[in-house]
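Colleague: First the structure, then my questions, so here it is.
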Amino acid sequence: MTTLSGKTVFITGASRGIGRAIALRAAADRANVAIVAKSGVPNPKLPGTIHTVAEEVAKAGGNPLALQCDIREEDEVRAAVAATADTFGGIDILVNNASAIWLRGALDTPMKRFDLMQQVNARGTFLVTQACLPQLLQSPDPHVLTLAPPPSLDPKWWGPHTGYTLAKMGMSFVTLGLAAEFREQGVAINALWPKTIIATDAINMIPGVDAAMCRRPEIVADAAHAILTRPAREATGRFFIDEDVLREAGVTDFARYAVDPSKPLLPDLFL
């Protein structure tokens, strides 16, 4: 089994939820983990900061680097990438996990919220990837993994929340384009999306979702690990689903990922 030992992993939105889970899974392999997020100080409404996750990464066996960074700010992104490369000697893996969500219709979407989603999701993914690519191109096995759904033009996903779908599919199309552009250089650029809703703070933005009908972030982290430990030239431009990846890797027990195994699971948006 290939591991992430000795690899340097740069993860956005890593202060909680799926980003934190991916950081801890990499730490278990003794990877170098750049924990990149805006959350530098505790927020009473949202648990977790880059510093609390850095402590967890260290306890799990990884080498953490906590970096406060707003991925909307180009200077901050380039500084975070430079700090990571200076500390660990390069970057092997980028995980574009940071994302903003607002599931409302057009008349209930303030432009401030619309702009935030486009800046963080599509633009942020493009900017962070662009900033990391010079480092990734020097890695013997470079990967970019973005938390984005398979591209879809199905109106059922666009009608209820055009702003969010545009921003999220923007991440998918960035993945599609960059995978094609860097295929010959051997950079694996893929996307990963959960089959079911994941119990993170984002579910508070989804009306009527019961956390007991969700899976824990560890399922996405384990699927990410399975993708990131494959040789980079093996797959690029793919839109993976967490459960499918793990089934292919031989996992048969999915009950352990459920918040409450006795409850039915809610399928995620865009699937």
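Colleague: Identify, from the list Thr146, Thr165, the residue that is touching a helix residue (DSSP H, G or I) at 6+ places or on another chain (Cβ under 9 Å), among the polar types (S, T, N, Q), within 22 Å of Gly19 (Cβ to Cβ) and assigned to a helix (DSSP H, G or I).
Modeller: Going through Thr146, Thr165 in turn, just one is touching a helix residue (DSSP H, G or I) at 6+ places or on another chain (Cβ under 9 Å), among the polar types (S, T, N, Q), within 22 Å of Gly19 (Cβ to Cβ) and assigned to a helix (DSSP H, G or I): Thr165.
Colleague: So which residues in segment 12-57 are of a type in the set (Lys, Arg) and at pLDDT 95 or above?
Modeller: Residues satisfying the conditions are Arg20, Arg25, Arg30.
Colleague: In segment 111-128, what residues are farther than 20 Å from Asn190 by Cα and either in contact with a Lys or Arg (Cβ under 9 Å, 6 or more places away or on another chain) or among the hydroxyl-bearing types (Ser, Thr, Tyr) (or both)?
Modeller: The answer is Arg113, Leu116, Met117, Gln119.
Colleague: Still on this structure, I have one more. Of everything in segment 228-251 that's under 17 Å from the mean Cα position of the chain (by Cα) and part of a loop (DSSP other than H, G, I, E, B), which residue is farthest from Phe173 (Cα to Cα)?
Modeller: Checked segment 228-251; the qualifying residue farthest from Phe173 (Cα to Cα) is Thr229.
Colleague: Is one or more of the residues making up segment 70-77 crowded, with 24+ Cβ neighbours inside 10 Å, assigned to a loop (DSSP other than H, G, I, E, B) and out of contact with any His (no Cβ under 9 Å at 6 or more places or on another chain)?
Modeller: Yes, segment 70-77 contains at least one residue that is crowded, with 24+ Cβ neighbours inside 10 Å, assigned to a loop (DSSP other than H, G, I, E, B) and out of contact with any His (no Cβ under 9 Å at 6 or more places or on another chain).
Colleague: Let me ask you something else. Only residues that are part of a loop (DSSP other than H, G, I, E, B), touching a helix residue (DSSP H, G or I) at 6+ places or on another chain (Cβ under 6 Å) and of a type in the set (A, V, I, L, M, F, W, C): list them for segment 198-227, please.
Modeller: Ala199, Val209, listed by residue number.
Colleague: Answer with yes or no whether Phe88 is hydrophobic (A, V, I, L, M, F, W, C), surrounded by 21 or more Cβ atoms within 10 Å (Cβ to Cβ) and more than 17 Å from the chain's Cα centre (by Cα).
Modeller: Yes; evaluated as a whole, the condition is true for this residue.
The values are calculated or read from the model by the stated rules, or taken from the named source; none is laboratory data. Keep in mind it's a predicted model, so treat the numbers as computed, not measured. Cβ coordinates were reconstructed from backbone atoms using ideal geometry, including for glycine residues, and neighbour counts include every protein chain displayed.
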